[in-house]
Structure formats: C-alpha cells, structure tokens
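Read the structure below first, then the notes.
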Amino acid sequence: MPTTAELAIAKQMPDQGGHFGDFGGRYVSETLMAALQHLEQTYETLWADPKFQEEFDRDLAHYVGRPSPLYHAERLSRELGGAQIYLKREDLNHTGAHKVNNTIGQALLAKHTGKPRIIAETGAGMHGVASATVAARLGLQCQVYMGEEDVRRQVMNVYRMKLLGAEVISVSSGTKTLKDAMNEAMRDWVTNVDNTFYIIGTAAGPHPYPKLVRDFQSIIGREARAQCLDQAGKLPDALIACVGGGSNAIGLFHPFIEDADVRMVGVEAGGNGLETGEHAAPLTAGRPGVLHGNRTYLMEDDAGQILGTHSVSAGLDYPGVGPEHSYLKDIGRAEYTAINDDEALDAFRRLTLVEGIMPALESSHAIAQAMKMAPTMGKDQILLVNLSGRGDKDMHTVAAIDGIKV
Amino acid sequence: MSRISSCFEKLQAEGRKALIPYVTAGDPAPGVTLPLMHAMVESGADIIELGVPFSDPMADGPVIQLACERALSHNTRLVDVLSVVAEFRQTNQTTPVVLMGYLNPIEVMGYGAFAQAASDAGVDGVLTVDLPPEEAVEFGALMKAKQIDVIYLLAPTTVESRIEKICAAGSGYVYYVSVKGVTGSASLDVNEVASRLDIIRKHTDMPVGVGFGIRDDASARAISEVADGVIVGSVLVNKIAELADQQDKIPEAVAAITGSMRQAMDK
Ligand SMILES: Cc1ncc(COP(=O)(O)O)c(C=O)c1O
C-alpha cells in the first residue's frame, strides 16, 4: 500500500497534461487538439462555478433520482455466510445505470458550449440511451455509434434510443464492437468538430475526458461513503466494481483513495477464461500501450495491434481501460481481477432469485466477485458492491443462453 | 543534411514542388510494396510516405481503413515495414521514405529500439498521427539522435501559438491537413489552404506539404501552386483496392496516376 503522502498525491491526479503517472495524456491527431483544449477550459471553469454545481446537483436529484440507495443485501450475505454485502443501487437511476450521471454532466457542458449536436459511442447501449435521453430533454440532435455485433446483442436499447429520437449508426468496421464504435465517433468528431459535442461514455479517451467523467461519476462514491458510515457506523472493508472502461469503478473508488484501509477491487471480464485469450481483461492480462487518446493497459499482440475481445456483457467488451485504473494498479492502491462469463451468469441468476434484484450482466461480474470474497471474510466485515445497472436489457441474452426465444 | 531537406532544396532550385504519394505497406499483400515504391519513384514521386498498418486507424476514412485490414490479413508488422524500406534502400539511396502511422506499434517495439531499427533500415522521417509534440519529448529526442525527421501535422483548427510550437518541434517538413475530417473525405478549398499557408509560413521556414482531399491532376496542380509538397493517398489506395485480385498490375496502374499528377504539377 502506498504511503499517506503518496495517496494524497494520487487523489490529486491527473497533472496539467492529463497524466496519471505514466498513463493518460492526450494522444490524438492535431485536428482534435483545439477542441480538447476548449473542452478542458470550459470544464475547469464550470466545475469550479457553484452555479454549475447547483445545476448538476439539481438534475441529479430531480431528474436522475439521486441519491441512489445503499442496500444491505441481508439474505445474500446470510447465504454466503461471511461479509455483509451492501449494494450501491445505480440500477435505480433514471435510464437504469450509472451512465446517466456522466451524460447529465456532459450535456450541461454541451449546453454551455452552445453546440447543437451530440454524438456518443456505446457498447451495451446504456450510455447511448443515457445520451439520447439528455439530448431529448435539451432538444439536441443525437447520433450514437454502436458496433454491429452490439446492435444485435442489445436490440432493446437500440429501439429505446430510436424512440428517444436518436439515430443509431451501426459500425461494421474492425471487430464491430465498442472499440470500433469509439473509432467511428472520433472520426465523426474530427469531421464535425465545429458543431458537435462528443459525450464519451467512460473514464477513458484523451484528456480531459478521464478526469471529467470521473468527477461526474464520483457522486457514487461520495454518497456510498456517507451512507455506509450512516448505516453501518464504519467504512467498508472493500469496494467492488466491474471495469469496462472504468467509469462506475472510478466513480466509486475515487472518494475512498485516501482511506488506506478500504480495499478496492476492480473486476474485468474474464470471458471464456483468461487462459483462452477470449476475454476483455487488459489490467489483469494485458500490458501498457496507446489507444483512443491515452496511454493505458491494453489487449494487444506482440506487434502492437489491438486484439479482439470477448465478454457475454457488451459493456465490458473493450480492449482498453481508463488510465486512472492503470495508475491505481501500478501504485498498488487498487487490485484488479477477472470473472468469467459463466460465473457472471450464475451471479445474475442468484441475485435475482435471492434478493429480487436483476443486475446488468456487467454488474453481475462485481456480484460474482463479492460471492467469491464474502465467504472468506468475517460477518462483521463489509463488502460494498457497485450495482452499476439493471438487467432488463440483458433478458434477451440470458434467454438465448437458456434456449428461450423472447 | 537530411535526405528530406536536400530533396526539398534540390526541388526548390529547379522551381518544382514535391510529389509525395502515400501507400499502406503490405497492401494488398507483402510482395507488392517494393515494386510499387520503385514504380512511383520512376513516375516522378519525390518522397514516399509508407503507411504502417494499424488495427484502429482513428484518423483514417474507409479507404485506408480497408488498406490496413488487407495488410493486417497478411500480418504486416512494423518490422516487416522496416524490412521493405531496407530492401528499397539497396537500389535507391536518394528518395526519402517517411513512415506514417499510429503510435502503438512503435510503443510496443520501444522508442529506442525503433529509432535504431528505423535508422538502420534507411528511414528518413516519421509521422505519427496520434503523437502530438506535447507527448513526444522523449520520442523526438531519440529520433533526432538518429537524424530521423519527426514530421508533425497542422490542422485547420490549429491556433497560431500552436503552429509556432509544432513547427519548432518538427523537422524535414510540416504536413498541413487541408480539411477537417479523416483521410479520403471532402475535397479541399484551395483559396482557404493558400491563406492558411500564409499564416503557417510566418512561423516557419520549413517546407509545407498539403494532404487530405487531393484526388486528381487538377487538385494536385492547384495545391502545388501554393504548397511545397503535394501529398496524395486515398486515390492511390483506391486503385490498389480495385486491383487487389490482379496484383502484378498495381505498380504500373498507381504509377500512371502519380505520373500524370507529376506532369500536371510541372506544367
Ligand atoms: C450497467 C453497466 N455497468 C458497467 C458498464 C461498464 O462501463 P464502465 O466500466 O465505464 O462503468 C456498462 C457499460 O456499458 C454498463 O452498462
């Protein structure tokens, strides 16, 4: 564990250039530099402005429905026979996932910059839905890039976005998943940079995105910290969150960085198993490289080509990860592990049956990790799990695995 | 003096402009690139930009994306691209070769190892699309130590204070991206390019090449009247794609396009 002084520094990251130690930064083509600098200035000015904070808080309270509850899953905890499991209920947010915290924030930035059009990339479709939702509310034009493979996996969300007035653009290049949707959104942004605001859906991409997405999502950890103190009279022993690009995890982790006694466990998608190579676990099984504007852990081959990924959950199916996680891993503040598809599916069913809460397949990875850790811990210990989203969108996928047509 | 600088100096003395074709190495198959490079030089190309294929070419339009996919289907790695340059150098010691691509393949090789290997192969310049000067302090120094020019992009969105900074960091030439967009997109506006070049030249004595949106003899000629170099890519790569099933025809067909542009530029 880093020292208190080192943790204080970690809490202040990134530096001026958007670096988290060796990670992060701004690796983009020149055409986007001016837009990113402008976004950075806009963001820094507004984030420091109490009026903006008030506006953001008001939207989170009355539109999103915050604070989201912290729920003590007593029956699940009892069955597992160890640590007490508390669920941070981001699934109860408007639109059904943590993604909306960030889109509300970025949409406010878009409004202040006066750009009439927003674009977004999406994997599971939750970020796309959240973007389409805020666009509808603010009367902005919205186009969402989504890999062809994900369009197929997440039909419900595709239809939701259409109902919300957004246009979904199916991306058929490369591996036809989230990374390719992000490439395509970047290409759109380069072309339409004058009138378009790009709402990145996770804590990745070029500076200042990893920072601002983290700041918008940190409401999760701030609330959870206070709620845990209030309900249990102490801080949790460990935090658990799934990691795709890393936004729900960093939102939970960041307010706890200086609480050295609180373990932080990020859960990546183990897919068919790390040993098969068919997974999406760059922190657990990859190495550092540069993709989508930042230096971070990646899944890549020996020649530096980005590898295809596999996960049953579209939202974790990404070969990179937000740079702050790479940093927290390397300084030893957070730990990262992987949960396989079948373990995540078991957790999906178990939480649904035992607590009457159907988690998103992404969040099911975090639940599965809690199910592994809880029995090894004492009954007076606390595991705080980020339930990042609800599972309705995944009915289709689970039913197909069960051989049922819905 | 670097091969790139002497190339521009010679052209200037002759009152001509540089024709700089881009092709992706290994597209559509490894054996095509070397004869293609020689054919382009014979047809009048002054500098060759050789694309290093990457799985996620974010700044490229569909034409060059597909070129990368074709090259990667034969597993064309950075080391293979360097071998092609080394082979090219066995018979051609004068035409500068600039590698153009994305940072990650270089990251994986390591900056120091790459600088050495590129220098050994006879590479003259490196243009890394997603490596702005802010992130290139270490990279730039290592390239400079091996006398390899680092070529940077300027965009229509680049503000004047940055133009100065970027030009100070680069060497060889600067590459002005003439349109907001990806490679192969909209056609360019020559008057607008000309007025941007006036601003750029206030900040640098380096030659300025213009690329993106040059697709025929007329646009090549128009740009050659205002810029020091004319960079042409997607039209050539399109021709390569058309002939992917008749690979022996590729060098001649691509050279026909560059040759015709050469004539138009020299008129
Ligand atoms: C419910 C849910 N959880 C988690 C994720 C993963 O994203 P991140 O790692 O940015 O939280 C997604 C992404 O689509 C999601 O929809």
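The values are calculated or read from the model by the stated rules, or taken from the named source; none is laboratory data. Keep in mind the model is a prediction, meaning the values are calculated, not measured. For neighbour counting, all protein chains shown are included, and Cβ atoms are generated from backbone atoms with ideal geometry for every residue, glycine included. Just so you know, the surface numbers come from the protein's heavy atoms only, side chains and all, with ligands and any DNA or RNA stripped out. Shrake-Rupley method; radii C 1.70, N 1.55, O 1.52, S 1.80 Å.
Values for this structure:
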quantity: Criterion (more than 7 Å from chain A (Cβ to nearest Cβ) and crowded, with 17+ Cβ neighbours inside 10 Å) met by exactly one of B:Val137, B:Val150; calculated: B:Val150
quantity: Complete set of residues in segment A:209-235 that are part of a loop (DSSP other than H, G, I, E, B) and open to solvent by less than 20 Å² (accessible area, probe 1.4 Å); calculated: A:Ser218
quantity: Filter result for the condition that a residue is more than 14 Å from chain B (Cβ to nearest Cβ), modelled with pLDDT of 95 or more and either in a loop (DSSP other than H, G, I, E, B) or under 20 Å from the mean Cα position of the chain (by Cα) (or both), over A:Ala120, A:Ala136; calculated: A:Ala120
quantity: Filtered residue count, segment A:77-129, keeping only those that are away from the ligand (no atom under 16 Å from the Cβ) and either open to solvent by 10 Å² or more (accessible area, probe 1.4 Å) or within 16 Å of A:Ala203 (Cβ to Cβ) (or both); calculated: 14
quantity: Selection count where residues are open to solvent by less than 10 Å² (accessible area, probe 1.4 Å), more than 13 Å from A:Val385 (Cβ to Cβ) and either in a helix (DSSP H, G or I) or not assigned by TED's automatic domain parsing to the domain that holds A:Gly320 (or both), scope segment A:245-263; calculated: 4
quantity: Residue match in segment A:236-244 (condition: over 23 Å from A:Ala124 (Cα atoms), open to solvent by 20 Å² or more (accessible area, probe 1.4 Å), assigned by TED's automatic domain parsing to the domain that holds A:Asn294 and not small (Gly, Ala, Ser)); calculated: yes
quantity: Within segment A:364-406, considering residues that are touching a His at 6+ places or on another chain (Cβ under 8 Å) and within 16 Å of the ligand (Cβ to nearest atom), the one farthest from the other protein chains (Cβ to nearest Cβ); calculated: A:Asn386
quantity: Counted residues, segment A:230-255 - those being touching a strand residue (DSSP E or B) at 6+ places or on another chain (Cβ under 9 Å) and more than 16 Å from the ligand (Cβ to nearest atom); calculated: 8
quantity: Verdict on B:Phe8 being in contact (Cβ under 8 Å) with a residue 40 or more places away in the chain, buried (at least 21 other Cβ atoms within 10 Å of the Cβ) and within 14 Å of chain A (Cβ to nearest Cβ); calculated: no
quantity: Some residue of segment A:298-308 being free of Cβ contacts under 8 Å to residues at least 60 places away in the same chain, open to solvent by 20 Å² or more (accessible area, probe 1.4 Å) and within 16 Å of the ligand (Cβ to nearest atom); calculated: no
quantity: Test: residue in segment A:333-355 that is within 14 Å of another protein chain (Cβ to nearest Cβ), at negative phi and touching a helix residue (DSSP H, G or I) at 6+ places or on another chain (Cβ under 8 Å); calculated: no
quantity: Residue match in segment A:180-191 (condition: more than 14 Å from chain B (Cβ to nearest Cβ), open to solvent by less than 40 Å² (accessible area, probe 1.4 Å) and more than 11 Å from the ligand (Cβ to nearest atom)); calculated: no
quantity: Residue in segment A:166-178 that is among the charged types (D, E, K, R) and closer than 30 Å to A:Val265 by Cβ present; calculated: no
quantity: Contacts under 6 angstrom Cβ, first residue in segment A:243-257 being under 22 Å from A:His279 (Cβ atoms) and away from chain B (no Cβ under 14 Å), partner among the basic types (Lys, Arg) and more than 8 Å from the ligand (Cβ to nearest atom), 6 or more apart; calculated: A:Ile250/A:Arg214
quantity: Whichever residue in segment A:193-205 is more than 16 Å from the ligand (Cβ to nearest atom) and either in a strand (DSSP E or B) or closer than 13 Å to A:Asn294 by Cβ (or both) and, among such residues, is farthest from the other protein chains (Cβ to nearest Cβ); calculated: A:Phe197
quantity: Helices (runs of 4 or more DSSP H) wholly inside segment B:13-130 containing at least 2 residues that are surrounded by fewer than 24 Cβ atoms within 10 Å (Cβ to Cβ) and away from chain A (no Cβ under 14 Å); calculated: B:33-42, B:78-91, B:111-121
quantity: Contacts under 8 angstrom Cβ, first residue in segment B:106-131 being in contact (Cβ under 8 Å) with a residue 40 or more places away in the chain, partner assigned to a helix (DSSP H, G or I) and open to solvent by 30 Å² or more (accessible area, probe 1.4 Å), 6 or more apart; calculated: B:Asp124/B:Arg3
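Yes/no per residue for (1) crowded, with 22+ Cβ neighbours inside 10 Å; (2) of a type in the set (Val, Ile, Thr); (3) at pLDDT 95 or above:
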site: A:Val144; (1), (2), (3): yes, yes, yes
site: A:Leu163; (1), (2), (3): no, no, yes
site: A:Thr175; (1), (2), (3): no, yes, no
site: A:Asp194; (1), (2), (3): no, no, no
site: A:Ile199; (1), (2), (3): yes, yes, yes
site: A:His207; (1), (2), (3): yes, no, yes
